[in-house]
1. Name every residue in region B:264-292 that is of a type in the set (A, V, I, L, M) and open to solvent by 40 Å² or more (accessible area, probe 1.4 Å), in order of residue number.
2. Residues that are open to solvent by less than 70 Å² (accessible area, probe 1.4 Å), more than 23 Å from C:Thr145 (Cα to Cα), in contact with a strand residue (DSSP E or B) (Cβ under 6 Å, 6 or more places away or on another chain) and in the same structural domain as C:His267 (by TED's automatic domain parsing): does region C:184-193 have at least one?
3. Within region A:121-151, which residues are touching a strand residue (DSSP E or B) at 6+ places or on another chain (Cβ under 7 Å), open to solvent by 10 Å² or more (accessible area, probe 1.4 Å) and among the hydroxyl-bearing types (Ser, Thr, Tyr)?
4. Does any residue in region B:194-220 that is closer than 12 Å to B:Ile158 by Cα come within less than 9 Å, Cβ to Cβ, of a residue that is among the hydrophobic types (A, V, I, L, M, F, W, C) and assigned to a helix (DSSP H, G or I) six or more places away or on a different chain, and which pairs are these?
5. It is to be established whether one or more residues within region A:56-64 are open to solvent by 20 Å² or more (accessible area, probe 1.4 Å) and of a type outside the set (Val, Ile, Thr).
6. Would you pick out the residues in region B:279-296 that are more than 13 Å from every other protein chain (Cβ to nearest Cβ) and among the acidic types (Asp, Glu)?
7. Going through region A:41-66 one residue at a time, which ones are at the interface with another protein chain (Cβ under 8 Å from one of its Cβ atoms), closer than 21 Å to A:Ala117 by Cβ and in a loop (DSSP other than H, G, I, E, B)?
8. For region C:262-274, how many residues meet the condition of being within 14 Å of chain A (Cβ to nearest Cβ) and more than 19 Å from the chain's Cα centre (by Cα)?
Amino acid sequence: MKLKHILTTKQFLEKKLLNEIFNIADNFEKTEKKNKTPKILKDKILSCLFYEPSTRTRFSFESAMLKLGGQVISTENAAHFSSAAKGETLEDSIRVVSFYCDVIVLRHPEIGAAKRAAKVSLVPIINAGDGSGEHPTQALLDLYTIKKEIGRTSDLKIGMVGDLLYGRTIHSLIYLLSLYQNIEIFLVSPKKLKLPEKYKLFLKKHKIKFSESDNFESIISKVDVLYITRIQKERFQSLKAYKKVKNSFILSKTLLNKANKKTIIMHPLPRVNEISQEIDPDNRAAYFRQAQNGLYIRMALLRLLFEKNKIFSHNN
Amino acid sequence: MKLKHILTTKQFLEKKLLNEIFNIADNFEKTEKKNKTPKILKDKILSCLFYEPSTRTRFSFESAMLKLGGQVISTENAAHFSSAAKGETLEDSIRVVSFYCDVIVLRHPEIGAAKRAAKVSLVPIINAGDGSGEHPTQALLDLYTIKKEIGRTSDLKIGMVGDLLYGRTIHSLIYLLSLYQNIEIFLVSPKKLKLPEKYKLFLKKHKIKFSESDNFESIISKVDVLYITRIQKERFQSLKAYKKVKNSFILSKTLLNKANKKTIIMHPLPRVNEISQEIDPDNRAAYFRQAQNGLYIRMALLRLLFEKNKIFSHNN
Amino acid sequence: MKLKHILTTKQFLEKKLLNEIFNIADNFEKTEKKNKTPKILKDKILSCLFYEPSTRTRFSFESAMLKLGGQVISTENAAHFSSAAKGETLEDSIRVVSFYCDVIVLRHPEIGAAKRAAKVSLVPIINAGDGSGEHPTQALLDLYTIKKEIGRTSDLKIGMVGDLLYGRTIHSLIYLLSLYQNIEIFLVSPKKLKLPEKYKLFLKKHKIKFSESDNFESIISKVDVLYITRIQKERFQSLKAYKKVKNSFILSKTLLNKANKKTIIMHPLPRVNEISQEIDPDNRAAYFRQAQNGLYIRMALLRLLFEKNKIFSHNN
């Protein structure tokens, strides 16, 4: 089970690996609560190379590294790198930065950037989002949240709501769910933002039952998990069209009343207003716990990267 | 004596608490000189969330945290947070960031931001400036500087010079001085930048003697402390009006000659030219020592926050 | 041998000092490979004060400090410092920042900035580039690379190619090479970008043989070291003139075939296309190793600064 870089969710389509990651994450949650996390990454340096800012994601990686005893060097401004501005390739930047650290967390606006970086890097690359491509650590923390909250990853009814066309986290979650038995998915989106054909074919191929609609209310009472995503104004031609659609996909307190007592609400955040703030105190609102799980998942991934990469360090 | 968050100078209107802070700060100055500061915040993470840059303030908090053995995650660019730009509320950002750290230092352009943050944060919030609102750690280091330089906080004649209308540090200092006996204040400002009525009523209520004028020279020889603030060009309608006024509130070497040998000169910095650089070598120039005191005060506050917040950590 | 600040290459015109630095750098490379670098800068804080971004240089200093056990506070955005924007002098900023750290790495767009900073700082200043002025740590790592790659610093034929007029690293290297015997330099540049007269006089004074031409091909087979620099578009009046010139100074694989088997290719990076990427796998391509050497040189310089500055710390 080789884990040299973390580039795509497809590297994680193995139940055994997922269980290993989730067990390590569980364990780190416990050690954190007792202030007893072992400092296993002492003398290791993580570099955050963010070509677009994402303070939330950057902080969760940096915090994970520090809690494991490591250190961090960081830029949230790599696009204004004098060198990138001067025309340096991503590959040259990565080659140089990989001399100065033991692992690179890369956020880049172009699809495939992380893969290109991995080809030349001397140290592991973690893809923290490459444009509309992948964001594999988010997919892992999403599945981990379902497991923690519901207690299982099979026999689940999951509502996926909002922008299913561009919603990167939805796509990745669909890949991961294909590993498990008896999953049923309720796709709910505006007509213009339906799940791409590619993913529907994938669902069919893996015999995952699914339905499509644009009626949010109709699925509320049927699901164990409600995964809600933000609908971006930019996807619509007129503000009027946007506003009309947007309001049909807002989870209000009234709507939530129709849901099961054990249904959990997830959201990759940031949220704008697709989930009413009134819902925050409801125990079914799992989205902030979901963000917290990101910390433990990233700690687990860092540990695995270094364990599985002993041959991969500067030291030989 | 609860110190859950540090939001406003009004939390510190207690002589006993101030003395405790100042004693701890004194002690940290000593341990720093001997390289013997105890690493009491090991495994704690401070997050600097600055929605507007302030390298000076940020560095002093980060340095304080590192000297106590803690670690730091930091953004000076939180306003360009993809999430803030996408319309996320401050509250949501704080909720998430508070999973990744043990204390948040917040700088934000809006009055009341720190208070809003404190309502939802899982960890202590330190207000490092909320617009024209408060900057309580500055007020504490100002009073601490007076105590260290003069040897007392009562029986003092204090000149406050410059922009008394918008000068946030002046207003906070007035609150703190109300705790002490026999204070006399000489307010000196351009007519357009006089101390707001609210603070004059406060002075009267606390029976603090004060006078107002626009004649800098006339008070120089009368005071123990000269607290000078910057007059901002933006406050004036014409450049001519600004220049005329500005020059009447510059502390030159000639003017300083009229001051007492023990008078100290304070300034919250940055200074532009309201204090002549010729004065820097004069031992009465206390403004750089004042900036240094900020380090010890912030170390003391961090220690107190963690001591008094045992029930407040992630660990239960 | 006093090393209070690192401001200019001219401080290093001493063979003994250079050898000391290079030996320490060699040693750090070894300890790094074994994960045994002694944490000699524990409890020390390095501050990166970058008035223009340079992630590469910043990361190499930060990594060097962390590997020596120290800590880092950092801004890549010092120009937007509220205080600099408000009109604060560099001197005031340095005075304050020097309270919060033990060494300052300064990058600034103005010539002489580092020298001005050194005059008022309480802690050592390291010049990490002051406009078109100096960048002494780059010069040291360049010479160190020659020594490591070729095995000697005398009896060398060196080609310097590209922008010799503005190329700051070329100028600094010329100063350092003057210490050594039997150096011959082949200057190759567009006519408009020839080495300034000042440096040619220096070469003559030190009896270093040199020739000038604009024919890259003609020198390839003659040199031990090819030091190539980027030609900037901005130096030319028309894009056409630039393109014509640029193409004559590109090191292609075909051109490299004419070089000696032991010739090394150096470049201060970032590279745009003056060295073809095809060459990267060739063992003669030393430019990435050169960047890596920057880490060890900076570790060595940090060690020397603290060793030689015992009298210079906050502790007395």
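1. So in region B:264-292, the residues of a type in the set (A, V, I, L, M) come out as B:264-266, B:269, B:272, B:275, B:279, B:285-286, B:291.
Of everything in region B:264-292, just one residue is of a type in the set (A, V, I, L, M) and open to solvent by 40 Å² or more (accessible area, probe 1.4 Å), namely B:Val272.
2. Step one: of region C:184-193, the residues open to solvent by less than 70 Å² (accessible area, probe 1.4 Å) are C:184-190, C:193.
Pick out the ones that are also more than 23 Å from C:Thr145 (Cα to Cα) and you get C:190, C:193.
Then keep just the ones that are in contact with a strand residue (DSSP E or B) (Cβ under 6 Å, 6 or more places away or on another chain); that gives none.
No: zero hits.
3. A:Ser121
4. Within 9 Å, the pairs are B:Ile208/B:Ile174; B:Ile208/B:Leu177; B:Ile208/B:Phe202; B:Lys209/B:Leu203; B:Phe210/B:Leu203; B:Ser211/B:Ile219; B:Ile220/B:Leu255; B:Ile220/B:Leu256.
5. To start, the set of residues in region A:56-64 that are open to solvent by 20 Å² or more (accessible area, probe 1.4 Å) comprises A:56.
Within this subset, residues satisfying the condition of being of a type outside the set (Val, Ile, Thr) are A:56.
Checked against the condition, which is being open to solvent by 20 Å² or more (accessible area, probe 1.4 Å) and of a type outside the set (Val, Ile, Thr), region A:56-64 yields at least one hit.
6. Within region B:279-296, just B:Asp282 meets the criteria.
7. A:Glu52, A:Pro53, A:Ser54
8. Going through region C:262-274 one residue at a time, the tally reaches 1.
The values are calculated or read from the model by the stated rules, or taken from the named source; none is laboratory data. The model shown is predicted, which means the values in this text are computed figures rather than measured ones. All Cβ positions, glycine included, derive from the backbone under ideal geometry; neighbour counts span all protein chains shown. These area figures cover heavy atoms from the full protein model, side chains too; ligands, DNA and RNA do not enter into them. Shrake-Rupley method; radii C 1.70, N 1.55, O 1.52, S 1.80 Å.
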